[in-house]
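Derivation of every value follows stated rules applied to the coordinates shown; laboratory data play no part. From a predicted model like this one, the values you see are computed outputs, not experimental measurements. Cβ coordinates were reconstructed from backbone atoms using ideal geometry, including for glycine residues, and neighbour counts include every protein chain displayed.
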Amino acid sequence: MSDKNEPRNEKDRQLDQYRVNDRDKPMTTNQGVKVSEDEFSLKAGDRGPTLMEDFHFREKLTHFDHERIPERVVHARGYAAHGEFECYEPMKEFTRAGFLSEKGKKTPVFVRFSTVLGSRGSADTVRDVRGFATKFYTEEGNYDLVGNNMPVFFIQDAIKFPDIIHAGKPEPDTEIPQAATAHDTFWDFVANNQETAHQVMWLMSDRGIPRSFRMMEGFGINTFRFVNEEEEAFFVKFHWKPKLGVHSLVWEEAQEISGKDPDFHRRDLYESIETENYPEYELGVQIVPQDDEFRFPFDVLDATKLWPEELVPVKIIGKMTLNRNVDNVFAETEQVAFHPGNVVPGIDFTNDPLLQGRLFSYIDTQLIRLGGPNFHEIPINRPICPFFNNQRDGYHRQTINKGKVSYHKNSLWNNTPSPVPPSKGGYKHYEEKVEGRKIRARSDSFKDHFSQAKLFWNSLTPVEKQHTVNGFSFELGKVQSKSLRQQNVEMFAHVDYELARQIADNVGVERPRHVESSGVANSKAISQENTVKLPNTRRVAVLIADGFNSNVVLNVLESLAKQGIQAYIISEKLGPVTGNDGIQLEATKTFQTGPSVLFDAVYIVAGARASKQFAKDALNYVSEAYRHFKPIGATGEGISWLELMKIGNVPGVIVQKSDGREFTNRFIAAIARHRFWNRPI
Ligand code: HDD
């Protein structure tokens, strides 16, 4: 095990100056005065009133009263980790960004994952877009890649952002529902702002309910610019590709987890890092030369469009590893301030109207959220390179700027701090030629809202399509207004008639009119069926009772562990479970505390002395995992139980026949497959 106290990189060393461990220390006030009593306020007599002069009491209460800050207006619920980015190859041909300039160059990063709509205390596994925000602490300043787990956005112009968020958040007259788009105002917005079609398709699909932050992609969404030393520019889109592939929960499972472990995703991230199963993502870029700006059937500045990987391949240029949990969630995760406008030389903006508006909103929101203009001084937000300028004062200023001069130009300080020419690293905005009349309008090239929504639909497998129909049917099924349900069915008929027809039948409205739609191509990168499938870090519930065959079980557990699979012993009660030869395994979870929805697979062992209650609970447990299409393995007594349930011979149910090794190999392969959709349910 590596020493967790050893600073790993420049950012960690910097944060170390601010870390405090209160353990074993004397208690003091914030003024440093030692406190002699912390249980009783100072009173006039032991039954008398508390006295104003009790400075310890007043300080303690005042601080407590002010502990909360406003949660983020969107992406309030999030979880973060530290890590490192490593560049695979120099990208100098495209960008002068230093952190992408050398093979093997490492840059500290901080990543915050989030849901969009829910409050800070909402559940992790709701159907929603996930935020994927990365702060690179480069030697040339902080670079923030503030993305989501879907490659497109709901709207094309930032002026509509408050509208989409108001429509999606709980309705203002009732504050219902929490962390859900299954309500009238959201679908009213969708039907009346049809640029939403493409992202709504992603949201209703399995992408809206990821299995883990470690198993979802990240996308910068907006089109940025790379600029090289020669001032040549390229359009660029950023991608994060998880090494473990892209995997999702099933909807019923996600809903159950929301109750049984609302912290499922943050716990998964935290535990993976603590057990050194470090999440890894490769950084990919799609690069389009400036001259090709008008080569595509969509506008490269339109955030509701992806660039199909078949048209513009993703070039993998580096890898990010998350390897350290935060020490304090408030100080780091809550106070981190991302901003898509935080760029470094070599990365620039485009005229994407969504991006342009974002450049205003993020700093603005931090001013209210973090209480003033000095949030860049909060440890988690500080760059690792020094920073000097003439900005001064404001709430919570910590830097003690010495001397008289705080203006430019000056002669007293020889005109310093001085601007740096671009040749020496000063940021220079790309000299794009711009002309036009001031006009509130949108280019005609932004007006096709359905071709790519259809591309998405056509790229799904039949099972993924069914999940998407189910997603729509659940969400629209909760919409009270019949007119809204009908409007949405009509709208999505432009994506696919069959999709809209099925939704219509499920939500009690007229089938839509037939709409002829074009653009039936598909993209392999969209379907999760084509993703990486690995058994590593998957969680297996091992259902075990007294009298189990320890020889077999220990062998299976050892083989699973060798593959990085995490097995948890589950029984009726916590504590030791005794095998047929007296060997004991410790049950760390029960059927109640470790329900099947929290695991990727179930291994049913049972045991010769299993109680009736064990049998009842285990059968329920397995049938739930079966219904969620999960791999199920059985050895010993477990096999007869599967036969009892009449599921001994269906896809993804692996039964030990004679050879133990053959069983574990098949079971591990099944675990890697994630789910078995072709199962009779
Ligand atoms: Fe945003 C937060 C991602 C459009 C305004 N956004 C926020 C976060 C993520 C994104 C991941 C959370 C960052 C964190 O963890 O602290 N936002 C996106 C993406 C968008 C997008 C991928 C489209 C491409 N956002 C967008 C628009 C606006 C905003 C169009 C406003 C015009 N976003 C904000 C914000 C937030 C925010 C209000 C709330 C908290 C914060 O900034 O720090 O400024």
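With the simple model of a label 7 Å out from the Cα in the direction of the Cβ, GLN398 to ALA561 spans 4.3 nm.
Compute the Cα gyration tensor for region 542-681, then decide on rounded, prolate or oblate, letting a ≥ b ≥ c be the square roots of its eigenvalues: rounded whenever a/c is under 1.5, prolate when a/b is larger than b/c in the other cases, and oblate in all that remain. The shape class here is rounded.
Here region 453-529 is assigned +1 on the Cβ of each Lys and Arg and -1 on the Cβ of each Asp and Glu. Its dipole about the Cα centre then comes out at about 140 debye.
If contacts are Cα pairs under 8 angstrom and at least 6 residues apart, what is the relative contact order of region 336-481 in percent?
Details: 69 pairs, mean separation 23.9, N = 146.
That works out to 16 percent.
Potential lengthening of the chain between SER623 and ILE681 amounts to 19.9 nm, from the contour at 0.36 nm per residue minus the alpha-carbon distance. Label the chain by shape, choosing from rounded, prolate and oblate, from the square roots a ≥ b ≥ c of the eigenvalues of the Cα gyration tensor; if a/c is under 1.5 it is rounded, and otherwise prolate applies when a/b is larger than b/c, oblate when it is not. Note, shape of the chain comes out oblate.
Projected label points at ASN30 and THR593, each 7 Å from Cα along the beta carbon direction, are separated by 3.8 nanometres. Footprinting exposure proxy ranking of TRP457, TRP413, TRP641, fewest other C-beta atoms within 10 angstrom first, gives TRP413, TRP641, TRP457. Using the Cβ-Cβ distance between GLU6 and ALA331 with R0 set to 22 Å, the FRET efficiency works out to roughly 0.60. Pairs of Lys residues in region 218-374 are counted when their Cα atoms are under 23 angstrom apart and they lie 8 or more places apart or on different chains; the count is 9. Of the residues TYR143, GLY131, PRO26, the one whose Cα sits farthest toward the positive end of the charge dipole of the chain, with +1 on the Cβ of Lys and Arg and -1 on the Cβ of Asp and Glu, is PRO26. In summary, region 515-589 shows an alpha-carbon radius of gyration equal to 1.84 times the 2.2 N^0.38 Å reference for compact globular proteins. Comparing GLN480, ASN522, PRO386 along the charge dipole axis of the chain, the residue lying farthest to the positive side is ASN522, per the Cβ-charge model. The chymotrypsin sites (Phe, Trp or Tyr not before Pro) of region 19-93 meeting both criteria, a DSSP state outside H, G, I, E and B (loop) and at most 14 other C-beta atoms within 10 angstrom of the site's C-beta, are PHE40.
Normalising the Debye intensity of region 256-409 to I(0), with uniform scatterers on Cα atoms only, and taking log10 at q = 0.11, 0.14, 0.16, 0.19 Å⁻¹ returns -0.75, -1.10, -1.24, -1.31. Each of ASN277, GLY78, ILE209 was placed along the dipole of the chain (beta-carbon charges, centred on the mean Cα), and the one lying farthest toward the positive end is ASN277.
Across the chain, the relative contact order, built from alpha-carbon pairs under 8 Å that are at least six residues apart, equals 12 percent. Please work out, to two decimal places, the log10 of the ratio I(q)/I(0) at q = 0.13, 0.17, 0.26 Å⁻¹ from a Debye calculation in which every Cα of region 453-529 carries one identical scatterer. Listed by q, the Debye log ratios stand at -0.38, -0.62, -1.19.
If R0 is 25 Å, the Cβ-Cβ spacing of LYS533 and GLU86 corresponds to a FRET efficiency of close to 0.55.
Sorting ASP505, ASP124, ASP496 on the 10 Å Cβ count, fewest up front, what's the list? Please list the in-between numbers first.
Values: ASP505 14, ASP124 29, ASP496 23.
The most exposed by this proxy come first: ASP505, ASP496, ASP124.
Between the alpha-carbon centres of region 594-663 and region 395-471 there is a gap of 52 Å.
Taking Cα centre as origin and charging only the Cβ of basic (Lys, Arg, +1) and acidic (Asp, Glu, -1) residues, the dipole magnitude of the chain rounds to 180 debye.
Between the DSSP loop rule and a limit of at most 14 other Cβ atoms within 10 Å, which trypsin sites (Lys or Arg not before Pro) in region 618-659 are left? Before the final figure, lay out each step's value.
Values: sites: ARG627, LYS646, LYS657; in loops: LYS646, LYS657.
Answer by residue number: LYS646, LYS657.
So which lysines can LYS465 reach, going by Cα to Cα under 16 Å and dropping same-chain residues fewer than 8 places off? Output for LYS465: LYS454, LYS524. For the pair LEU359 and VAL20, a Förster radius of 22 Å applied to the C-beta separation gives a FRET efficiency near 0.05, rounded to the nearest 0.05. Among LYS424, LYS106, the order by Cβ neighbours within 10 angstrom, fewest to most, reads LYS424, LYS106. The count of lysine pairs in region 1-144 whose Cα atoms are under 19 Å apart, excluding pairs fewer than 8 places apart on the same chain, comes to 13. Is any residue of region 210-242 close enough, with backbone N under 18 Å, to a label point placed 7 angstrom from the Cα of GLU435 along the Cα-Cβ axis, and if so, which? Answer for region 210-242: none. Under a model in which nothing but the beta-carbon of Lys, Arg (+1) and Asp, Glu (-1) is charged, region 533-673 shows a dipole of about 460 debye around its Cα centre.
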